[in-house]
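Notes follow the structure.
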Amino acid sequence: MSQIHTDLKGKTMGQNDATPKLSRRSLVKQSAAAATALSALGVSTAQAAPNKASSLLSSTKMQDRETILHWSHPLSDDDNVIFDPIIQRFQDAGNNIDVKVELIPWDGRIERKMSAAAAGTSPDTSYLNVDEFTTYAVEGALVPLDEYVTPESLEDFLPGPRDAMTWDGQIFEIPVLHAFRVAFYNTSVWEASGLDVAVTPETWEDLDTDLAAILTAKDTGSHDAWPTAMEGSGSGPTPVLRNFNPWFYQAGGQLINDDGSSGYDSQAGIDAVIYATNQFQSFCSPADRASKGEDLNERFGQGQIAYLNNQEQRVINIMAQDFPELQFSVANTTEKVKKWTHGGVGNFGMWSPSQKRDATWAWIDFLTSTGNLEYTQGFGYVPPRASVRAEYVKDMDPLHTLALEQQEYAGVEKHPRLWDMWDIISPELQAAFAGLKTPEEAVKTAADRINQDILDI
């Protein structure tokens, strides 16, 4: 397999540069809302656990050996089983570097990282989700990586992951996995509703038509499934990610307008809330009004839901393990103005206190290029590089292959106060779903608060 690598030759990044002095108060203040939430961008938090024993493989060469500290979060039952052989391959490739991997719980990860940065006790590198890295970057807690990354390497990343790398014109993180979301549909219910199981919605109008046909078939006794399901009482990022973001960006929305104000109070924002509210009120079970979405996968597996929108690809594995009799497939990504689905991107960045930057970069480069196939196959995520994906697809099953066709539509959101914005828009969505506010009122209230409390407008 031909790999495109970043260039390490002559790229010393000034290891003696002064480390930025970070205010703990400033760091912790920015993460007040985010620090109590778990990752909602493509990585399951069900496996979060107390710190596991660290993985430390020592290089056989003693001369000039360096040790770097790597923080990661649990992605499997035992991450060290996956990391250990990757570290060994890294060392076998001639890197005289020991890598100490410490597994940090997902819960409270942002506050933990920010506090370490403020105290100057950060690891050399850590796992970063695209929703969090800007919070550190604006405080000078991450090392810009532009001088390490060649144009050829940058071009090898798929569009969504490539967009996740930068903030304010600088590269701060290198993608290691792509956890984009897709829609799933129950083919048995589709057929029982008189729909062609080989054809799924392409547009909002198509989706409305199909969901209406499914509801009619349910009402006439052809099956027992509700057309779709949504969280009516969830808080934090999850309802926003599933019930608003896809429609908002498909309608042409943008998080921040060109004038620096919130993009929620826009025609795209209004259209998204109108569409989501209609789906919630017309095609969901009345029980969804109290739902926090915790049982969506189980209900889909039991045949209670016909169409599950914007959900993680791990649904494929969950259905195979827990509901092997379920007949389902992957649906198209819909569009109004454009196709868009949520694209969670996992990355590795370098922390400013690191005094071993070239060694740290060698490890980041290996994980995100030569060692990326082993990493993504081991943890069950899609490679963010086109060159690695070309090899990855050779061993994929049919459903994951279908899901991969939607990867090109995966976009990202990023802003230092993104989690705070989600917390503001979430209750407004609930109010609109419940009929307590019009869509126009909901997005205006959210945008006004964001402008005043976050964007200082």
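The values are calculated or read from the model by the stated rules, or taken from the named source; none is laboratory data. Bear in mind that the values here come from a model prediction, so they are computed numbers and not experimental data. Glycine also receives a Cβ, built like all others from the backbone with ideal geometry; neighbour counts cover every protein chain displayed.
Couple of notes before you dig in:
- Qualifying residue in the stretch 261-268 (condition: assigned by TED's automatic domain parsing to the domain that holds LEU436, modelled with pLDDT of 95 or more and touching a Phe, Trp or Tyr at 6+ places or on another chain (Cβ under 7 Å)): yes
- All conditions but one from (1) hydroxyl-bearing (Ser, Thr, Tyr); (2) within 18 Å of ALA276 (Cβ to Cβ); (3) assigned to a loop (DSSP other than H, G, I, E, B); (4) at pLDDT 95 or above apply to THR209; the one that does not is (3).
- Which listed residue, of THR67, THR60, is modelled with pLDDT under 90 and loosely packed, with under 15 Cβ neighbours inside 10 Å: THR60
Every residue, every condition in (1) surrounded by 21 or more Cβ atoms within 10 Å (Cβ to Cβ); (2) assigned to a loop (DSSP other than H, G, I, E, B); (3) out of contact with any Phe, Trp or Tyr (no Cβ under 8 Å at 6 or more places or on another chain); (4) touching a residue at least 24 places away in the same chain (Cβ under 8 Å), yes or no:
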residue	(1), (2), (3), (4)
GLN281	no, no, no, yes
GLY293	no, yes, yes, yes
VAL330	yes, no, no, yes
GLY343	yes, no, no, yes
ASN347	yes, no, no, yes
PRO353	no, yes, yes, yes
TRP363	yes, no, no, yes
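- Whether a residue is part of a helix (DSSP H, G or I), surrounded by 19 or more Cβ atoms within 10 Å (Cβ to Cβ) and not assigned by TED's automatic domain parsing to the domain that holds SER233 was assessed, and LEU429 does not pass this test.
- Counted residues, the stretch 205-249 - those being among the β-branched types (Val, Ile, Thr) and without any contact (Cβ under 8 Å) to a residue 60 or more places away in the chain: 3
- Qualifying position, being modelled with pLDDT under 95, among the aliphatic types (A, V, I, L, M) and under 29 Å from LEU207 (Cβ atoms), among ALA331, ALA290, ALA306: ALA290
- Elements of the type helices (runs of 4 or more DSSP H) sitting completely within the stretch 60-160 and holding at least 1 residues that are under 24 Å from GLY371 (Cα atoms): these cover 79-92, 133-137, 151-156.
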